[in-house]
Amino acid sequence: MNSITVITGGSRGIGAATARRLAHAGHDIAFGYRRDHAAAAAVLADIHAAGRRGVALPADTTDPDQVTALFDAAADLGDLTGLVNNAGVTSPIGPFVDLDPDHLRHVVDVNLIGYVLCAQQAARRMNAGAAIVNVSSAAATLGSPGEYIHYAAVKAATDTLTTGLAKELAPRGIRVNAVAPGVIRTDIHTSSGQPDRPDRAATRIPLGRAGEPDEIAGAIAWLLSPDASYTTGAVLRIAGGL
Ligand code: NAP
């Protein structure tokens, strides 16, 4: 069976590392992104260089029509076998009382509604043997006080989505798992106003450093692989001991 995998937010960070890793593992890939066309083109070139088929298209995961277009593009490659629900955002780091309602809504929109819309498309199109990986966060259990509690709460919802969907889709032979990264060195920290957060966080991480995107991509690749055939409903924490 060919591996045809959709990745949301595949242009940068964890999504880009996952696209590259999966291409080397033999997956054909359709990935979406929001606006960084140059970064998307670089990832697409690497997928092709690995000898796999790939398609990249701007697909805002908060928009049901754009989500459908992304899955339709994947269908042109073949039957869907994998989804990496990854596109996510934080908002400016700060105290809970200062949270702007627009930032709150955007975090819920991308990290929860977007994940549900994509999982729905996948669940409609997948057959036995397929798998979904939701990218959650260690924040779901840490709560992110003083940073972004609303983001942590939405990531906890991702874990619940994983639990419920794993049970609902198990009778059809479709597995659903999550990874819960700790502090990983990507641009997401620049977007939240603290580009040096991975280095500053290192002192409170038991392994003494932030993680790299490829250290998450490896776990995602395993969860999508036949080696994880008896793993469903799991939230795999990859957080350096946090
Ligand atoms: P990142 O480097 O900021 O990359 C985010 C990706 O998502 C980009 O490809 C971006 O596209 C895309 N994206 C953002 N909003 C989108 C939308 N509405 N529709 C479609 N694509 C969208 O982030 P990251 O650190 O790799 O994070 C990936 C996932 O890991 C997120 O779910 C995040 O919550 C989770 N996570 C990250 C960390 C960490 O420390 N980095 C820790 C725990 C969990 P453009 O390039 O076009 O903007």
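Using θ = phi - 60° in the Karplus curve 6.51 cos²θ - 1.76 cosθ + 1.60, the 3J(HN,Hα) couplings for segment 17-27 round to 4, 5, 4, 5, 4, 5, 4, 5, 8, x, 8 Hz; x is entered for Gly and Pro.
Cβ neighbours within 10 Å, averaged per peptide: list 208-217, 109-118 in order, most packed at the top. If you can, show how the numbers build up before the last one.
Numbers: 208-217: 18.3, 109-118: 21.5.
By packing density, highest mean first, the sequence is 109-118, 208-217.
Across segment 149-242, the convex hull enclosing all Cα atoms gives 102 Å³ per residue. Could you estimate the translational diffusion coefficient of segment 94-143 from the Stokes-Einstein equation, with Rh from the Kirkwood formula over C-alpha pairs, at 37 °C and 0.692 mPa s, in whole µm²/s? Value of D from the Cα-based Kirkwood radius: 248 µm²/s. Multiplying the residue separation of residue 163 and residue 75 by 0.36 nm and subtracting their alpha-carbon distance yields 29.0 nm. Modelled this way, with points 7 Å down the Cα-to-C-beta line, the labels at residue 106 and residue 65 are 2.3 nm from one another.
Convex hull volume of the C-alpha atoms in segment 3-238, normalised per residue: 111 Å³. Amide H to amide H, with H built 1.01 Å from N, residue 54 comes under 5 Å of 29, counting only residues 5 or more places away or on other chains.
Relative to the longest principal axis of the Cα atoms of the chain, helix 149-169 runs at roughly 30 degrees.
Taken together, the values in this text are just the output of simple stated rules run on the coordinates, not laboratory data. This one's a predicted model, so the numbers in the text were calculated from it and none came from an experiment. Note that we place each Cβ from the backbone using ideal geometry, even for glycine, and neighbour counts take in every protein chain shown.
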